[in-house]
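So the structure is just underneath, and the comments pick up after that.
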Amino acid sequence: MIDSDTDRSHTAAPALIGALLHLAATDADLAPTAASALSPKDREILAEVEVALHNQTLDESGVKKALAEVADSIARVRSSPSPVALTAAKYEKARTAVLGQLGVVSTKGASVWPPTSQTAVQRFGSWNEALKAAGLATSSVGRARGQLRFDEAAYDKAIANFVADCDDRDLGATYKAYGEYAAEHKGEVPSAAAVRKFYGSWNAALASAG
């Protein structure tokens with residue numbers, strides 16, 4: 001069963017990077033690549049992903065199948081002729097699909113792989129830093145940690161990530177909760193007041209996240 005005593009923010013960094021690479025390849029639908037040996041660093045990533053998968057409800061055959069898919073994803077990203085990009089919103093969409101394939105249900109207080117995009121942000125300091133750690137292309141939106149100006153895409157991404165994080169932790173996506181969330185990620189996401197002003201109301205902001 002899922003280890004309910006392990007906080008998601010304590011997910012090993014290599015396992016987080018493995019999730020980023022796997023979901024980036026899934027989202028970009030990268031072409032298959034010829035089988036090649038993984039680098040020592042990528043083997044470390046795969047090993048930590050295996051540990052994370054064993055902590056979930058997968059049986060041995062399920063773990064082996066998932067690991068083979070992750071290894072293939074890493075190879076596809078590494079061999080891609082052009083930089084592979086991944087937004088937090090696309091990460092969350094791909095994550096939902098992968099969790100469904102694995103038959104894993106996010107549980108409050110439990111460590112789940114692939115983890116949420118916010119887990120990556122908490123571990124690496126920002127979404128772009130997480131992308132850099134994985135060797136993925138960084139986004140020009142919200143690049144600077146101290147940035148206070150946000151465009152429409154940044155607002156939509158902030159709300160989508162916040163709602164996904166609340167759903168994963170079984171928390172209500174309230175205006176107050178977003179205010180606390182924005183305070184924790186000051187400079188990386190718009191303030192609660194800015195969000196309400198941008199969308200016209202908090203309900204309208206939530207509606208933008210679908």
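The values are calculated or read from the model by the stated rules, or taken from the named source; none is laboratory data. As the structure is a prediction and not an experimental result, all values here were calculated from the model. Here the Cβ positions follow ideal geometry from the backbone for every residue, glycine too, while neighbour counts run over all protein chains shown. Accessible surface is based on the protein model in full, side chains and every heavy atom, while ligands, DNA and RNA are left aside. Shrake-Rupley method; radii C 1.70, N 1.55, O 1.52, S 1.80 Å.
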Exercise. Is it the case that the range 2-23 has a residue that's open to solvent by 60 Å² or more (accessible area, probe 1.4 Å) and modelled with pLDDT of 85 or more?
Worked result: no
Exercise. Looking only at the range 171-189, which residues are modelled with pLDDT of 90 or more and in a loop (DSSP other than H, G, I, E, B)?
Worked result: Gly172, Ala173, Thr174
Seminar exercise, completed: When (1) within 16 Å of the chain's Cα centre (by Cα); (2) modelled with pLDDT under 85 are applied to Gly146, the one that fails is (1)
Seminar exercise, completed: Scanning the range 67-86 residue by residue, those hydroxyl-bearing (Ser, Thr, Tyr) and surrounded by 19 or more Cβ atoms within 10 Å (Cβ to Cβ) turn out to be Ser73
For this session: Say whether the condition of being more than 30 Å from Ala182 (Cβ to Cβ) and of a type in the set (A, V, I, L, M) is met by at least one residue in the range 77-96.
Result: yes
Problem set entry | Subset of the range 40-66 [small (Gly, Ala, Ser) and either open to solvent by less than 50 Å² (accessible area, probe 1.4 Å) or on the phi > 0 side of the Ramachandran plot (or both)] | Ala47, Ala52, Gly62, Ala66
